[in-house]
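The values are calculated or read from the model by the stated rules, or taken from the named source; none is laboratory data. Everything numeric in this text was worked out from a predicted model, so none of it was measured. Cβ atoms come from the backbone with ideal geometry, glycine included; neighbour counts cover every protein chain shown. The accessibility values were calculated without ligands, DNA or RNA, using every heavy atom of the protein model including side chains. Shrake-Rupley method; radii C 1.70, N 1.55, O 1.52, S 1.80 Å.
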Amino acid sequence: MALAMTGLAAGFSAEINWTIGGIGAERWVLNANAHGLISNGQLLPQADVTAISQSPGVTRASGLAVFPQQVAHIDGRSRTVLVFGVALGGIGDPAVTSGQALSGSGQVVADTRVGAAVGSQITIGGTSFRVVGQVVNRTMLAGSPIVFMPLRDAQVLVLGGRPLITAIVTRGVPSQVPAGLAVLTNSEIEHDNLTPLAGAIASINSFKYLMWVVAAIIIAALLYVSALQRVRDFAVLKALGSSSLLLFESLAVQAVVVTLVAAALAAIGANFMGPFFAQPVVIPGSAFATLPVIAIVVGLLSSLVAVRRATSADPAAAFGG
């Protein structure tokens, strides 16, 4: 569970990185009041795309409209999704992993987490769309999948057809933009969109630490019970001249072996827990690398509980006293 919690916390960063990186932009131009949040709902005129595209340093610019918390109906099921309106063939038009790319009105490309197969129908806001392609790892806001559609369809769906967008994505760096707009890098966008989730990430990390504490308590209890059952064995060893340090070492080895075996089983099991969470679970390699070290530390700390019982064994008990 501690490994799964680590992967869950890392999943927040991973999904933002996948989604923002998947747009393929070098810079993002947003309403300055959006503070870097692409799902903030701060609108700007689509005409600004032309102005940005003519800015020195820009080789290409496209409008993007991001609308969160839209309800999609698929085969009698409901799913909350984010709608990304993209310019066909422009920056942000997703490269599909199955099916076909967007080519016209009435079509969508959906993340696989939506659960809509290629060729199926999906209804959003009372409008029916045909799923022509799928993508993977395009989610935001803790696992909410993204549905991509032509920009004009998104504007009609949410804005009543008004020519407004929420962001302009560019290739090249704009040297000047209209007043009231801000130019941000991918890293800045990722950071700003991760900030509202900081509380959730902190809570998950706290739960992860709690799992380690629980693990230490369980192992400590196991060793203590084992020590109670081996009092006569400890007494014999002390009667034969074994030092308290040697007894501690034997308990420590037992504890470390138990925790390392548990860590190995956890490393295997954690890889299969991802499908149980709506949020992507991405366990970083560093977590697997530090797991044995943490397991050893937990084992050693747990063994201290049983040391007192082992070292207080009376050698006379070895002779039935």
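Scoring Thr50 on the criteria (1) more than 20 Å from Leu194 (Cβ to Cβ); (2) part of a strand (DSSP E or B); (3) among the β-branched types (Val, Ile, Thr) leaves a single failure, condition (2). If you go through the stretch 33-47 and keep only what is open to solvent by less than 60 Å² (accessible area, probe 1.4 Å) and in a helix (DSSP H, G or I), you end up with just Ala34. Count of the stretch 191-224 residues, restricted to those that are over 15 Å from Ala9 (Cα atoms) and among the hydrophobic types (A, V, I, L, M, F, W, C), is 12.
Could you tell me which of the residues Arg138, Arg77, Arg113 is charged (D, E, K, R) and over 23 Å from the mean Cα position of the chain (by Cα)? Break it down into steps so the answer makes sense when it comes.
Numbers: Arg138 fails: over 23 Å from the mean Cα position of the chain (by Cα); Arg113 fails: over 23 Å from the mean Cα position of the chain (by Cα).
On inspection, the qualifying residue turns out to be Arg77.
Within the stretch 251-270, residues that are within 16 Å of Trp212 (Cβ to Cβ) sit with their Cβ atoms under 7 Å from residues that are part of a helix (DSSP H, G or I) and of a type in the set (Ser, Thr, Tyr), at 6+ positions apart or across chains, in these pairs: Ala255/Ser302; Ala255/Ser303.
Criterion first (charged (D, E, K, R), touching a residue at least 60 places away in the same chain (Cβ under 8 Å) and surrounded by fewer than 19 Cβ atoms within 10 Å (Cβ to Cβ)) does Glu15 satisfy it?
Criteria not met by Glu15.
The criterion of at least 2 residues that are open to solvent by 60 Å² or more (accessible area, probe 1.4 Å) and of a type outside the set (A, V, I, L, M, F, W, C) is met by the following strands (runs of 3 or more DSSP E) wholly inside the stretch 101-156: 127-135.
Residues in the stretch 205-219 that are small (Gly, Ala, Ser) and surrounded by fewer than 17 Cβ atoms within 10 Å (Cβ to Cβ): Ser206 alone.
Taking the conditions exactly as written (in contact with a His (Cβ under 9 Å, 6 or more places away or on another chain) and surrounded by 14 or more Cβ atoms within 10 Å (Cβ to Cβ)), does Ala182 satisfy them or not? If you could, list the steps in order and put the result at the bottom.
Values: in contact with a His (Cβ under 9 Å, 6 or more places away or on another chain): yes; surrounded by 14 or more Cβ atoms within 10 Å (Cβ to Cβ): yes.
Here the answer is yes, as Ala182 does meet what is asked.
Of Gln70, Gln46, all but one fail to be closer than 15 Å to Val147 by Cα and touching a residue at least 12 places away in the same chain (Cβ under 8 Å); the exception is Gln70. So for the stretch 120-130 (the condition being in contact with a Gly (Cβ under 7 Å, 6 or more places away or on another chain), farther than 23 Å from Gly160 by Cβ and either in contact (Cβ under 8 Å) with a residue 24 or more places away in the chain or among the hydrophobic types (A, V, I, L, M, F, W, C) (or both)), does at least one residue qualify? Checked against the condition, which is being in contact with a Gly (Cβ under 7 Å, 6 or more places away or on another chain), farther than 23 Å from Gly160 by Cβ and either in contact (Cβ under 8 Å) with a residue 24 or more places away in the chain or among the hydrophobic types (A, V, I, L, M, F, W, C) (or both), the stretch 120-130 yields no hits at all. May I ask you to verify whether Leu265 is under 30 Å from Thr112 (Cβ atoms), modelled with pLDDT of 75 or more and either over 31 Å from the mean Cα position of the chain (by Cα) or open to solvent by 50 Å² or more (accessible area, probe 1.4 Å) (or both)? Here the answer is yes, as Leu265 does meet what is asked.
Considering the stretch 51-100, and only residues there that are open to solvent by less than 20 Å² (accessible area, probe 1.4 Å) and polar (S, T, N, Q), the residue that is farthest from Thr123 (Cα to Cα) turns out to be Ser55.
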